[in-house]
Amino acid sequence: MKAAFVLWLRQLKRYLRSKSRIIGSVGQPILFLVALGYGFGPIYAKAGGGNYINFLAPGVIGQAILFTAIFSGIELIWDRQFGFLKETLVAPVSRLEIMLGRTLGGATIAIIQGLIVFVLALFIGFKPASWAGLLPALLMMFLIALFFTGLGTAIAATLQDMQGFQLIMNFLVMPLFFLSGALFPLDGLPPGIAKVTQINPFTYGIDGLRAALTGQSHFAFSLDLMVMSGFTLVILVIGTYLFSKIEI
């Protein structure tokens, strides 16, 4: 497990040294909170939805975790192109440890991004229903981060170039985000869109996060937790298998 810890620490140090990355990655979530929160807030309130920023904030926190986690896979391609991955794979440690260290490192970074957005959202006007919900919220943030870090790693393990990874990620990330209920309630959707949201793993992550922080949810928190745990376990198994097949 020492190798996994070293890889986790390496990714964390790389992230903390990049101040521009930290600042840049919170720009879009804050734009969503301010522009959409205040722009559509009056309309949402008139429709009887209440405080839109309170509804929106969990979705934007999830967005920050999603983007950071899934794009951590690009580091795998970067390390492959510059030879660091080869040095890691020929070391006398199992690929399972390497995969574990990389995945936990990416997930930790994604959670930190989510927490940064959470703190900033408090200044913008977000008010959690109860601070007791922070612990289940952290659990849901961890599952979201772990799932999408595993997904990004699984996809990156099958690719050789960054351009291909970015195209696939853009094709996946935006539909996952916009069809998750992060920006709009899931009640009363057209049947086709409703079915898509029900098979979207991110839907359950956002719903669980919203339930923990605001007390509002479309599904039961226990269902959100069970579905996200199941999806996370499956993607980690797939990611570990694909990572074990990387040729150097």
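The values are calculated or read from the model by the stated rules, or taken from the named source; none is laboratory data. Only a predicted model underlies this, so the values are computations on that prediction, with no experimental measurement involved. Neighbour counts are summed over all protein chains in view; Cβ atoms, including those assigned to glycine, are modelled from backbone coordinates with ideal geometry.
When the residues of the stretch 141-169 are narrowed to those that are among the small types (Gly, Ala, Ser) and assigned to a helix (DSSP H, G or I), which ends up nearest to Phe243 (Cα to Cα)? Per the stated criteria, the residue is Ala154.
Sub-6 Å Cβ pairs linking a first residue in the stretch 175-199 that is over 18 Å from Gly49 (Cβ atoms) to a second residue that is of a type in the set (A, V, I, L, M) and part of a helix (DSSP H, G or I), at least 6 apart or interchain, are Leu179/Val196, ordered by first then second residue.
Would you mind stating whether Gly230 is touching a Leu at 6+ places or on another chain (Cβ under 7 Å) and under 22 Å from Ile111 (Cβ atoms)?
no
Out of Leu183, Leu176, Leu134, Leu138, report the one residue that is assigned to a helix (DSSP H, G or I), under 20 Å from Met228 (Cβ atoms), in contact with a helix residue (DSSP H, G or I) (Cβ under 7 Å, 6 or more places away or on another chain) and aliphatic (A, V, I, L, M).
Sole residue among the options that is assigned to a helix (DSSP H, G or I), under 20 Å from Met228 (Cβ atoms), in contact with a helix residue (DSSP H, G or I) (Cβ under 7 Å, 6 or more places away or on another chain) and aliphatic (A, V, I, L, M): Leu176.
Taking helices (runs of 4 or more DSSP H) as the structural unit, those lying wholly within the stretch 1-116 and holding at least 3 residues that are at pLDDT 75 or above correspond to 19-31, 41-46, 52-70, 73-81.
Conditions (1) surrounded by fewer than 19 Cβ atoms within 10 Å (Cβ to Cβ); (2) under 19 Å from Gln63 (Cα atoms), marked per residue:
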{"position": "Leu167", "(1), (2)": "yes, yes"}
{"position": "Phe171", "(1), (2)": "yes, yes"}
{"position": "Pro190", "(1), (2)": "yes, no"}
{"position": "Asp207", "(1), (2)": "no, yes"}
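Out of the stretch 196-248, which residues are part of a helix (DSSP H, G or I), of a type in the set (Gly, Ala, Ser) and over 14 Å from Gly133 (Cβ atoms)? Within the stretch 196-248, Gly205, Ser222, Ser229, Gly230, Gly239, Ser244 qualify. Condition (residue is touching an Asp or Glu at 6+ places or on another chain (Cβ under 6 Å) and either surrounded by 14 or more Cβ atoms within 10 Å (Cβ to Cβ) or of a type in the set (Gly, Ala, Ser) (or both)) applied to the stretch 241-248: is it met by at least one residue? No, the stretch 241-248 contains no residue that is touching an Asp or Glu at 6+ places or on another chain (Cβ under 6 Å) and either surrounded by 14 or more Cβ atoms within 10 Å (Cβ to Cβ) or of a type in the set (Gly, Ala, Ser) (or both).
Only one of the listed residues (Ala194, Ala220) is among the hydrophobic types (A, V, I, L, M, F, W, C) and closer than 19 Å to Ala137 by Cα. That residue is Ala220.
Exactly one residue out of Leu146, Leu186, Leu159, Leu176 is buried (at least 16 other Cβ atoms within 10 Å of the Cβ) and either farther than 21 Å from Ile65 by Cα or basic (Lys, Arg) (or both), and it is Leu159. Take the conditions (1) of a type outside the set (Val, Ile, Thr); (2) at pLDDT 90 or above; (3) surrounded by fewer than 16 Cβ atoms within 10 Å (Cβ to Cβ); (4) in a helix (DSSP H, G or I); Lys127 misses just one of them, which is (4).
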